[in-house]
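Colleague: Mind having a look at this structure? Questions to follow.
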Amino acid sequence: MSAPVVTIDGPGGAGKGTIARAIAESLGWHLLDSGAIYRLLALASLQRGVEPTQTATLETLARGLDIDFPTRGPHAGEVLLDGEVVSGAIRSEACGVRASELAADPAVRTALLDRQRGFQKPPGLVADGRDMGTVVFPDAAVKIYLTATAEERARRRHKQLMEQGVSANLADLLQDMQARDERDMNRAVAPLKPAEDAMVIDSTTMAIEAVIARVLAQVGNRA
Ligand code: C5P
């Protein structure tokens, strides 16, 4: 039997990354941050001057991407592209916007499928993204769709950036977030939407601990 999977999908800033990491740690399972893979491709395309319209070149780039998420050694917990640590670089707004543009290309999505499925290993996997439950792991034991209002998600991102000493404008963040939601939800291939069998959690007024408890309870019932 293949290793069980918990998928956590939803729009940017809903807290998927934090929740997925906490669930993976609590269960002792592997973690896939699929957004990081799209961001790594975005960074590689920006570095090499490949435009979002150059589909064939992007597909080749996606298939040959030299990326690593080491869990031990000197770079444990970091994200590597071509052997270089790029954990901070892929989080820039420019990479997020480029990632969302490239993610609308069906050839790019197909090129990244096997790479994402390769993370499914015993004892289990927690995968977060936009299409984990709908496309990449349709047989997942537990599917969560985590959301929150765009205003609340922009507020959270703003707070996070301020804590990191990065200045940002709340109204600009909200506008970027709404533009990204619009693109992710309305693309032809793998649009952002809850899987039919997903449990929808609106975290707008929930504490992180309450969301984690609800997901773990669902895993206890199903996985
Ligand atoms: O989650 P994150 O903001 O890091 O993802 C960056 C972008 O990558 C998203 O806006 C989305 O367009 C794309 N993405 C995707 N499918 C995934 C994960 C991310 O299309 N499974």
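The values are calculated or read from the model by the stated rules, or taken from the named source; none is laboratory data. Everything numeric in this text was worked out from a predicted model, so none of it was measured. Because the Cβ atoms are built from the backbone with ideal geometry, glycine has one as well, and the counts that use them run over all protein chains shown.
Colleague: Since K143 meets every condition but one in (1) basic (K, R); (2) modelled with pLDDT of 95 or more; (3) assigned to a loop (DSSP other than H, G, I, E, B), which condition does it not meet?
Modeller: Checking K143 against (1) basic (K, R); (2) modelled with pLDDT of 95 or more; (3) assigned to a loop (DSSP other than H, G, I, E, B), the one that fails is (3).
Colleague: While we're on this one: Could you count how many residues in the stretch 164-186 are assigned to a loop (DSSP other than H, G, I, E, B) and either modelled with pLDDT of 90 or more or within 15 Å of A14 (Cβ to Cβ) (or both)? Working first, answer last.
Modeller: Step one: of the stretch 164-186, the residues assigned to a loop (DSSP other than H, G, I, E, B) are 164-169.
Right, trim to either modelled with pLDDT of 90 or more or within 15 Å of A14 (Cβ to Cβ) (or both) and you get 169.
Qualifying residue count for the region: 1.
Colleague: Please work out which residue is nearest to G129 (Cα to Cα), limiting yourself to the stretch 38-65 and to residues that are touching a strand residue (DSSP E or B) at 6+ places or on another chain (Cβ under 7 Å) and touching a residue at least 40 places away in the same chain (Cβ under 8 Å). Explain how you work it out, then say what you get.
Modeller: So in the stretch 38-65, the residues touching a strand residue (DSSP E or B) at 6+ places or on another chain (Cβ under 7 Å) come out as 40, 43-44.
Still in the list and also touching a residue at least 40 places away in the same chain (Cβ under 8 Å): 40, 43.
On the way: L40: 14, L43: 18 Å.
It comes out as L40.
Colleague: Answer with yes or no whether G133 is within 14 Å of the ligand (Cβ to nearest atom) and touching a strand residue (DSSP E or B) at 6+ places or on another chain (Cβ under 9 Å). Spell out how you get there, then give the answer.
Modeller: Details: within 14 Å of the ligand (Cβ to nearest atom): yes; touching a strand residue (DSSP E or B) at 6+ places or on another chain (Cβ under 9 Å): yes.
Yes, satisfied.
Colleague: May I pose another question? Kindly list, by first and then second residue, each pair from a residue in the stretch 66-77 that is touching a residue at least 60 places away in the same chain (Cβ under 8 Å) and acidic (D, E) to a residue that is loosely packed, with under 14 Cβ neighbours inside 10 Å and outside any loop (DSSP other than H, G, I, E, B), limited to pairs with Cβ atoms under 7 Å and residues at least 6 apart or on different chains.
Modeller: Correct list of pairs: empty, since none qualify.
Colleague: Can you tell me which residues in the stretch 30-70 are more than 17 Å from T18 (Cα to Cα) and not in a helix (DSSP H, G or I)?
Modeller: Listed by number, the residues that qualify are G49, V50, E51, P52, T53, Q54, L65, D66, I67, D68, P70.
Colleague: Moving on. Scan the stretch 180-192 and report the pairs whose first residue is at positive phi and whose second residue is near the ligand (Cβ under 9 Å from one of its atoms) and part of a loop (DSSP other than H, G, I, E, B), with Cβ atoms within less than 6 Å and a gap of 6+ or a chain change.
Modeller: A190/D131
Colleague: Could you grab me the full set of residues in the stretch 4-20 that are modelled with pLDDT of 95 or more and more than 10 Å from the ligand (Cβ to nearest atom)?
Modeller: P4, V5, V6, I8, I19, A20 - these are the residues of the stretch 4-20 that are modelled with pLDDT of 95 or more and more than 10 Å from the ligand (Cβ to nearest atom).
Colleague: While we're here: Go over the candidates L161, L192 one by one and state the one that is outside any loop (DSSP other than H, G, I, E, B) and surrounded by 13 or more Cβ atoms within 10 Å (Cβ to Cβ).
Modeller: Step by step, each of L161, L192 is checked, and only L161 is outside any loop (DSSP other than H, G, I, E, B) and surrounded by 13 or more Cβ atoms within 10 Å (Cβ to Cβ).
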